[in-house]
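Laboratory data are not the source of any read-out in this text; all were calculated from the coordinates shown. Remember, it's a predicted structure, so these values are computed and weren't measured experimentally. Here the Cβ is made from the backbone with ideal geometry for all residues, glycine too, and neighbour counts use every protein chain on show.
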Amino acid sequence: MTPRVVVAGSANMDLVGLAERLPRPGETVLGDDFVMIPGGKGANQAIAAARAGGKTAFLGAIGSDAFGVTLNARLDASGVDMSRVRTSYGSSGVAVIMVDRAGENSILVSPGANRSFTGLTDDETATIAAADVLLCQQEIPLETVFAALRAGRAGGTRTILNAAPARDLPAGLLDEVDLLVVNETEAHEITGGAVGGDVMAALLALVPRVVLTLSGAGSRYADRDGADAHVPAFRVEVADTTAAGDAFTGALAVAWGEGRDILDAIRWANAAGAACVRKVGASSALPTRDEIESIYHAA
């Protein structure tokens, strides 16, 4: 089965500087290299889902500038259906990313056209309702995230929210989420400071299923049926962690949409994250299905 995945989210041009270390506040550091790579959490996860084998459509907004042309071309070339993407007069979203030689990063995002993605059309709502899985993040207006999740729930589409970046959520939004994907910082923000063994219980009071990503330690899954399991990471040489979370989440949407057992879907998504961190960049580092499979089956 080839799952139909809809990603409603952001598209940014990533301006990536590589250096020996990240600069401290007020400091200038001489860099090693600079590249421009199409990215944005929504676009990255759409590309990740398409490369992982999902029939993927992207809903979002790009600018009328040269960055917008490049963003559209990159997603289209990656197999993402771009027929419903809006073009907003002005600048596209931009992310300024600094990466050190250990693969750690620091990111500043200017939303640009992503701010204009408001008020879902009837066609966008129907596209969500016809999908197997809807995947949202939080780099677009939260009222649009809320509307997309409601459309998914109303249409019987499985809904996934990657609650990144961490933001204050409007009341009721999490009621529309089937599966929440968060890292430890985002979990802390959503629960108001719960830590340790309390964090999963606090999250499960809000949503029926949770995946807590733990960077190099893998992932933890829990649900209201009593499941609570750690899914270990795959060990690879790390070049850049920038898009690892997007590779993971896009692959998870595909694997869950294929009908895999959720723990196996998470393990497969961990393999996607591992394949991604071996390369520098965002969309350029997102792995193909064959690359994911090679790590998944090698362990």
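Couple of notes before you dig in:
- Scaled to the globular estimate 2.2 N^0.38 Å, the Cα spread of the range 30-176, given as radius of gyration, is 1.07.
- The radius of gyration of the Cα set in the range 237-283, together with its Dmax, comes out at 10.7, 32 angstrom.
- DSSP beta bridges confined to the chain are antiparallel in about 45 percent of cases.
- The stretch between Ser64 and Asp168 holds 34.4 nm of extra length on full extension. This uses 0.36 nm per residue minus the Cα-Cα distance.
- Gain upon complete extension [Ala201, Lys279; 0.36 nm per residue less C-alpha separation]: 24.5 nm
- Calculated FRET efficiency, Arg224 to Ala298, Cβ-Cβ distance, R0 = 30 Å: about 0.35 to the nearest 0.05.
- Extending 7 Å from Cα along the Cβ direction at Asp76 and again at Ala126 yields two label points whose distance is 2.3 nm.
- Quarter of Cα convex hull surface for the range 141-271, i.e. mean projection, nm²: 8.0
- Of every Cα-Cα pair in the chain, the percent that sits beyond 28 Å: 33
- 15 Å tail of the calculated P(r), the range 72-146, as % of Cα pairs: 70
- Cα centroid separation - the range 65-106 against the range 262-299, whole Å: 21
- The stretch between Asp264 and Ser83 holds 61.9 nm of extra length on full extension. This uses 0.36 nm per residue minus the Cα-Cα distance.
- Every helix of 4 or more DSSP H residues in the chain counts as -39500 (n - 2.57), and over all residues that averages to -10000 deg cm²/dmol at 222 nm.
- Gap separating the Cα centres of the range 116-149 and the range 37-51, nearest whole Å: 16
- Within the range 185-270, trypsin sites (Lys or Arg not before Pro) in DSSP loop having at most 11 other beta-carbon neighbours inside 10 Å: Arg224, Arg235
- Selected from Arg24, Arg101, Arg158 as most flexible by GNM, with the chain as the system and alpha-carbon contacts under 10 Å: Arg24
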